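Q: Below you will find the structure I want to go over with you.
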């Protein structure tokens, strides 16, 4: 369903336009920062810079040549590439945003900033997010838990926290491991 209509009743071009996906391995095109952020030349430079600032990547890009810099020479880390792709999604304003481990290459502080940015910029957007850091999804509307390729839970996180759910067990295990790692640092 998209906008209350079955996907089969909606032209594919409309579905594609309404969905933005950011894979675990970020997609970066050959060309300039401007082209990579706005491949269809729809947005103003001010809008592009604003989106890049929103994901905290503009400072790095500006130092390396700004909007006219060639992406092949900018030398972004994988985490920076993921942030860059998020700026593209901000400009696209999709109805559905699919994020596959978008925080896999960033630290915990940056992960928290990304979650805050998602809430600020994608209100009213359906977000499907594949995560391994479960604390990120505590405020989501629904959580789908997979085990061996099968859906084992599909519920609001608060509901899953009140019962002996797989989500609750995984979250507590992960939090204990994070605390142990913090103590050894």
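The values are calculated or read from the model by the stated rules, or taken from the named source; none is laboratory data. The model shown is predicted, which means the values in this text are computed figures rather than measured ones. Methodologically, a virtual Cβ is constructed for each residue, glycine included, from the backbone with ideal geometry; neighbour enumeration extends over all protein chains shown.
Q: Within the range 28-43, is even one residue within 24 Å of residue 131 (Cα to Cα) and in contact with a strand residue (DSSP E or B) (Cβ under 9 Å, 6 or more places away or on another chain)?
A: no
Q: Any chance the range 17-24 includes a residue that's over 15 Å from the mean Cα position of the chain (by Cα) and surrounded by fewer than 19 Cβ atoms within 10 Å (Cβ to Cβ)?
A: yes
Q: Please work out if residue 77 is surrounded by fewer than 19 Cβ atoms within 10 Å (Cβ to Cβ), within 28 Å of residue 130 (Cα to Cα) and either touching a strand residue (DSSP E or B) at 6+ places or on another chain (Cβ under 9 Å) or at pLDDT 95 or above (or both).
A: Considered against the rule, which asks whether it is surrounded by fewer than 19 Cβ atoms within 10 Å (Cβ to Cβ), within 28 Å of residue 130 (Cα to Cα) and either touching a strand residue (DSSP E or B) at 6+ places or on another chain (Cβ under 9 Å) or at pLDDT 95 or above (or both), residue 77 comes out as no.
Q: Here's a follow-up. Run down 28, 48, 57, 22 and say which single residue is modelled with pLDDT of 95 or more and either more than 23 Å from residue 122 (Cα to Cα) or in contact with a helix residue (DSSP H, G or I) (Cβ under 6 Å, 6 or more places away or on another chain) (or both).
A: Testing whether each residue is modelled with pLDDT of 95 or more and either more than 23 Å from residue 122 (Cα to Cα) or in contact with a helix residue (DSSP H, G or I) (Cβ under 6 Å, 6 or more places away or on another chain) (or both) leaves just 48.
Q: For the range 1-24, enumerate the residues that are within 27 Å of residue 101 (Cβ to Cβ), in a loop (DSSP other than H, G, I, E, B) and free of Cβ contacts under 8 Å to residues at least 24 places away in the same chain.
A: Matches in the range 1-24: 1 only.
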